[in-house]
Amino acid sequence: MLGAAVPSSAAPDRNDVKESRMTQVIPAPVSVEPDRHGGAFRLESDAAIHADHGARGVGEYLAHVLRPSTGYRLPVTDRKGDISLELGKVGSRLGDEGYELMASGRGVEIKARTARGLFAGVQTLRQLLPAQVESRSVQRGPWTVPAGKIVDYPRFAHRGAMLDVARHFFSPDEVKRYIDQIALYKINTLHLHLADDQGWRIEIKSWPRLATYGGSTEVGGGPGGYYTQDQYRDIVRYAAERQITIIPEIDMPGHTNAALASYAELNCDGVAPPLYTGIEVGFSSLCIDKEITYRFLGDVLRELAALTPGEYLHLGGDEAHATTEPDYVKFFQRVLPMAEALGKKVSGWHDLLKATPSVSAVPQYWGTTPQNDLVAEAVARGNKVVMSPANKAYMDMKYDENTPLGLSWAGFIEVDVAYGWDPGNYLQGVPESAVLGVQAPLWSETLENSDHIEFMAFPRLPAYAELGWSPWSTHDWESFRTRLAAQAPRWTELGIDFYRSPQIPWPE
Ligand code: ACM
């Protein structure tokens, strides 16, 4: 039978299917107006992508997404195009990351004030096309976009993911794969946890053993690894092309066994401990009263700042159980000005507030209760907060007791828990105006490869992305679970191995 060879993607793209794509976008846009009478746009083989001067990179990115599945040439041009990326010409309420998208039978126009806004619009456009558009091999189409108009901009400036590359090392390609995945949902920062007891993952030229020795293993005793500065710069550039800023973290003064093992002179007793491959926390500390500690950190932060176009360096500061509180404060009172003298703002786990950093410092709340005096007091002084409450936003927590990967110290986090909190109205004394945004951390004690990352991040990552981007007025669990289900065919095309949460009505 001839028809048997035709892939299911060749089935006619029915009107109701097309229209529903416009109302199924994640994160939910500010405003969606389907045009039920207008004809859909259909991308044809001779189509071109118009990109204004300054939007060329976004145009090339879009072409790079669309070419493999459509098989079309899709030249990017400054002349007329069927898909048009235009800079300027939009209302100021869209801000730097907002966009307008208009689709009709004549074409698709995305307008924004900046390339960041156009990039966000391009992510929406991907979801308006059939799921097969995400395939890496040529598919049949038809490549239709429902008619209508979307106006969209983010609720919070910071929408983040964190990847712990210290407990297990992830290769540059694995990091890039995750960058591609978080970009789908308009996440704009990736925090890399680059150093912990189990491994030091970034080359520091003035202290080379940090990487070559301190990076030589990982949890479970595997070979570990590290990024050379060239590899790291390449990751930063790859992320920037996807409008994602990397925030590098060197955790201190605890979580430092890999550094202490690499250089005996960093230890108070001058004796290097062995490398560590377990998963306990809180046993290591830099030596607060040794001058070399500050020379070491001066060198590390200087090299790290030179690799970091973003405005933040993350100084960790969590679980320093082997450092006394007076020492902790003394330590950060020396280190915080070092980071600021390099022209960087400081981010850190909210424990850092014990050292009363300046109001430009951004504490990241990772507690498990909706009340924290340190954070409320910092907000009263003027600090802005990133919200990562561990019992809501930690993607390394198991979904339920049967989840084969992950931990459970902060509880189980099924999709409804991940989605069911308001970052702008969660922590006492921290109003929405004090919330810079939301970040979903992924710690890697139990995670060894991209399959593991994806199983924990999907389907929860889109929930955090929606909490960070969408107006609270759109928050609706029933709507979200339906829209989430509609993402599954896209993940399948992208080879994302997601957790089939029983809460979500996945398509067969
Ligand atoms: C943390 O989970 N220790 C920040």
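What follows draws every value from the coordinates through simple rules; no lab data is involved. Here the structure is a predicted model, which is why all the values come from computation and not from measurement. No Cβ is skipped: glycine too gets one built from the backbone with ideal geometry, and neighbour counts run over all protein chains shown.
Within segment 313-447, how many Lys pairs that are eight or more residues apart, or on different chains, come under 26 Å at the alpha-carbon?
So the count of such lysine pairs works out to 11.
Return the lysines within reach of Lys18: Cα separation strictly under 30 angstrom, same-chain partners fewer than 8 residues apart disregarded; answer none if there are no such residues.
Once the sequence-local lysines are set aside, what remains near Lys18 is Lys80, Lys89, Lys111, Lys149, Lys186.
If amide H atoms are built 1.01 Å from N in the plane of the peptide, which residues on other chains or at least 5 residues away come under 5 Å of the amide H of Asp251?
It is Leu194, Ala195, by chain and number.
How many nm is it between the label spots at Arg56 and Glu291, if each spot is 7 Å from the Cα in line with the beta carbon?
Distance between the two pseudo-spin positions: 5.2 nm.
What list of ³J(HN,Hα) couplings, whole Hz, do you get for segment 198-213 from phi and the Karplus terms 6.51, -1.76, 1.60, once you set θ to phi - 60° and write x for glycine and proline?
8, x, 10, 10, 10, 4, 10, 5, 7, 9, x, 5, 3, 7, 5, 9
Multiply the residue gap between Glu432 and Arg14 by 0.36 nm, knock off their C-alpha separation, and tell me the result in nm, one decimal place.
Contour length minus Cα-Cα distance gives 146.3 nm.
When only C-alpha pairs under 8 Å and at least 6 residues apart count, what is the relative contact order of the chain, in percent?
Numbers: 1145 pairs, mean separation 71.1, N = 508.
Once divided by the residue count of the chain, the mean separation gives 14 percent.
Roughly how many nanometres apart are two label points built 7 Å out from the Cα toward the Cβ at Tyr238 and Asp269?
Those two pseudo-labels are separated by 4.2 nm.
For segment 70-140, what is the relative contact order in percent, using Cα pairs closer than 8 Å and at least 6 residues apart in sequence?
Relative contact order for segment 70-140 comes out at 30 percent.
Hey, can you grab everything whose amide H is under 5 Å from the amide H of Gly348? Only 5+ residues off in sequence or another chain; H modelled, so Pro and N-termini drop out.
Leu315, Val362, Gln364
Tell me, what is the percent relative contact order of segment 333-425, built from C-alpha pairs under 8 Å that lie six or more residues apart?
Relative contact order comes out at 19 percent.
So between Asn425 and Lys345, what do we pick up on full extension, going 0.36 nm a residue minus the alpha carbon distance?
So the extension gain works out to 26.3 nm.
Note down the magnitude of the dipole of the chain about its Cα centre, charges +1 on Lys and Arg C-beta and -1 on Asp and Glu C-beta and zero elsewhere, to the nearest 20 debye.
With Lys and Arg at +1 and Asp and Glu at -1, about 1720 debye.
Would you work out if segment 52-184 is rounded, prolate or oblate? Take a ≥ b ≥ c from the square roots of the eigenvalues of the alpha-carbon gyration tensor; rounded if a/c is under 1.5, else prolate when a/b is larger than b/c, oblate otherwise.
It comes out oblate by the Cα gyration axes.
Using the count of nearby Cβ atoms within 10 Å as a rough guide to exposure, how do Lys345, Lys384 rank from fewest to most?
Numbers: Lys345 15, Lys384 19.
Listing Lys345, Lys384 from fewest to most nearby Cβ atoms yields Lys345, Lys384.
Can you order the peptides 270-279, 145-154, 365-374 by their average number of other Cβ atoms within 10 Å per residue, highest first?
145-154, 365-374, 270-279
Please give me the summed charge of the neighbours of Gly38: other residues whose Cβ is under 13 Å from its Cβ, Lys and Arg +1, Asp and Glu -1.
+2
Taking only DSSP H segments of four or more residues, each worth -39500 (n - 2.57), what value at 222 nm results for the chain once the sum is divided by all its residues, to the nearest 500 deg cm²/dmol?
-9500 deg cm²/dmol
Among Pro253, Val329, Ala341, whose Cα lies farthest out toward the positive end of the dipole of segment 202-341, if unit charges sit on the beta carbon of Lys, Arg (+1) and Asp, Glu (-1)?
Going by the Cα projections, it comes out as Ala341.
If you plug each phi of segment 175-182 into the Karplus form 6.51 cos²θ - 1.76 cosθ + 1.60 with θ = phi - 60°, what whole-Hz ³J(HN,Hα) values come out, in order, with x for Gly and Pro?
Along segment 175-182, the couplings run 5, 5, 4, 5, 4, 4, 6, 6 Hz.
Is the shape of segment 111-235 best called rounded, prolate or oblate, per the rule: a/c under 1.5 gives rounded, else a/b larger than b/c gives prolate, else oblate, with a ≥ b ≥ c the square roots of the Cα gyration tensor eigenvalues?
It is prolate, given that a/c is not under 1.5 and a/b is the larger ratio.
Compute, for segment 152-235, the length of the dipole vector about the Cα centre, with Cβ point charges of +1 (Lys, Arg) and -1 (Asp, Glu) only. Units Debye, rounded to 20.
On the way: 10 positive and 11 negative charges, 44 e Å.
Dipole size: approximately 220 debye.
For segment 267-352, what does the equivalent ellipsoid look like in terms of its semi-axes, each the square root of 5 times an eigenvalue of the Cα gyration tensor, given largest first in whole Å?
Its equivalent ellipsoid spans semi-axes of 22, 15, 14 Å.
For a quick check: with amide H placed at 1.01 Å from N, whose amide H comes under 5 Å from Gly39's, ignoring anything fewer than 5 positions away on the same chain?
Answer set, sorted by chain and number: Gly105.
Order the peptides 104-114, 467-477 from the highest to the lowest mean number of other Cβ atoms within 10 Å of their residues.
The packing order, highest mean first, is 104-114, 467-477.
Using the count of nearby Cβ atoms within 10 Å as a rough guide to exposure, how do Glu203, Glu401, Glu311 rank from fewest to most?
Values: Glu203 20, Glu401 7, Glu311 13.
Lowest count first: Glu401, Glu311, Glu203.
Contour minus end-to-end for Glu377 and Arg334, with contour as 0.36 nm per residue of separation and end-to-end as the Cα-Cα distance?
13.3 nm
Which one of Tyr238, Pro459, Tyr153 has its Cα pushed farthest toward the positive end of the charge dipole of the chain, where Lys and Arg give +1 and Asp and Glu give -1 at the Cβ?
Tyr153
Which order results if Met338, Met397 are arranged by neighbouring Cβ count within 10 Å, fewest first?
Details: Met338 19, Met397 24.
Ordered by Cβ neighbours within 10 Å, fewest first: Met338, Met397.
Expressed as a whole number of Å, what is the distance separating the alpha-carbon centroids of segment 316-366 and segment 169-243?
Taking the Cα centre of segment 316-366 as reference, the centre of segment 169-243 is 22 Å away.
Would you please classify the overall shape of segment 439-502 from the alpha carbon gyration tensor, given that a ≥ b ≥ c denote the square roots of the eigenvalues, rounded means a/c under 1.5, and beyond that prolate means a/b larger than b/c while oblate covers the rest?
Here segment 439-502 falls in the oblate category.
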